[in-house]
Amino acid sequence: MSGRSEDDLRAAFAAKATEAPAASDVARAVNQAVHQGRRRRRPAWLVPAVTAAAAVAVGVPLAITLTHGGNSSKEKAGGPVAPALPSAGRSSLAAAPPPGSARSLTPQLPAEGGGTVQATCRPTEVTVNLRRAGTGATLTVTSRGPVCRLDRRPAVQWPAGGPTSGPATSATGQPVPKPATGLLASGATATAAVRSTAGCMLTGDLVRVDWGAGPVEVRATGASAGPTCTQVGADSVQVGEFSGLS
Amino acid sequence: MTFDEFAATRLDAVLRFAVVLTNDKGLAEDVVQEVLIRAHQRWAQIAEMEHPEAYVRKMVVNEFLSWRRKWARYVPQAEIEPEQRQPDHAELQAERSTLLAEVAKLPRRQRAVLVLRYYEGLSDAQIAEVLGCAETTVRGYAFRGLAALRIELAPTMREST
């Protein structure tokens, strides 16, 4: 029992180092992220969107304040006009959200109905992980940017290049209506379960995931267990809805 | 050295270091990706340093140490992959796996010190520079880490050391 030495530790570390992933895979992922990052650094709509949001955040409370400037203190504290506004906007201009708040920086795009809608989460704005669990996996998407939009049920192609399961096609390959989308708050994580309907372990580390922003390749992590699937069809993979969306 | 040259020549070594440090292939990949993306953004400054690789390695250590805070759900677990074991060296592999699993249970700074010392071969002074602490602190981490590893397998050793 007392035979362990520092050399044993060196040997164990050296053995562990041989399990390192391929540098080419990591380099490719980094290059992809870096180049996508360059494109998104100054999206054309961001400056006008932030300006508009800031104008609304400052202008609306200011207009309310000016319009009802002659009202009594009773109204300012929550009278007839106040209930329609968020509490931060009731009393004065000083109560408007700070310029750096998520509210004022949320990227919004024009919607068909004339309102605004959050943009679909870009791959560079989120961290995606697929962790094996039993014969399936848990897919997590964590926002690293502003509030953005995800399809409630993502499409999953496991392995990448195989048949797709999820909203893109049905089990028979026929197109199905696009599912509803949900909002992923800044810094929040959405989780969806991916499982094998055959009860066998899905093979292949590279998995393609699409939440509405186009396919993104993700490497499945975690230990694999159980018998492997010999045949994978479009109905072999079942994907649950994202939880954690609003 | 350009970023591409660095990635082509040194990324293998950085990944091996990250795997030993995290004891998790997937987490190592994630950590290195995050670090390289950030390093790319300020590569002009990093390239001017005397040892860019040492700086990147420091970034990997810091990313690993902060990983729990940022991504609590991805805290690595000691993973022993059965397929990695070779039947003809089963005993040796089992002992190494046990040792690595115990290393993975150590507090992260203790793990980082042991990996930097016994895998990277850094001196205590160099480890102190990487971790941003005093050499005596490094020696304390190493002492406690080594003691913990010995205690778990050989309780009587603690009394003799």
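The values are calculated or read from the model by the stated rules, or taken from the named source; none is laboratory data. No experiment lies behind these values; they were computed from the predicted model shown. Backbone-built Cβ (ideal geometry, glycine too); neighbour counts: all protein chains shown. These accessible areas exclude ligands, DNA and RNA; they are computed on the full protein's heavy atoms, side chains included. Shrake-Rupley method; radii C 1.70, N 1.55, O 1.52, S 1.80 Å.
Per-structure values
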{"item": "Leading residue by the ranking (most open to solvent (accessible area, probe 1.4 Å)) among those in the stretch A:116-142 that are among the aliphatic types (A, V, I, L, M) and over 26 Å from B:D24 (Cβ atoms)", "result": "A:V117"}
{"item": "The listed residue being crowded, with 18+ Cβ neighbours inside 10 Å and over 12 Å from the mean Cα position of the chain (by Cα), out of B:A128, B:A134, B:A101", "result": "B:A128"}
{"item": "Single condition B:M1 does not satisfy, out of (1) in contact (Cβ under 8 Å) with a residue 40 or more places away in the chain; (2) open to solvent by less than 10 Å² (accessible area, probe 1.4 Å); (3) more than 16 Å from the chain's Cα centre (by Cα)", "result": "(2)"}
{"item": "Members of the stretch B:23-42 found to be more than 10 Å from chain A (Cβ to nearest Cβ) and surrounded by 16 or more Cβ atoms within 10 Å (Cβ to Cβ), listed by number", "result": "B:V31"}
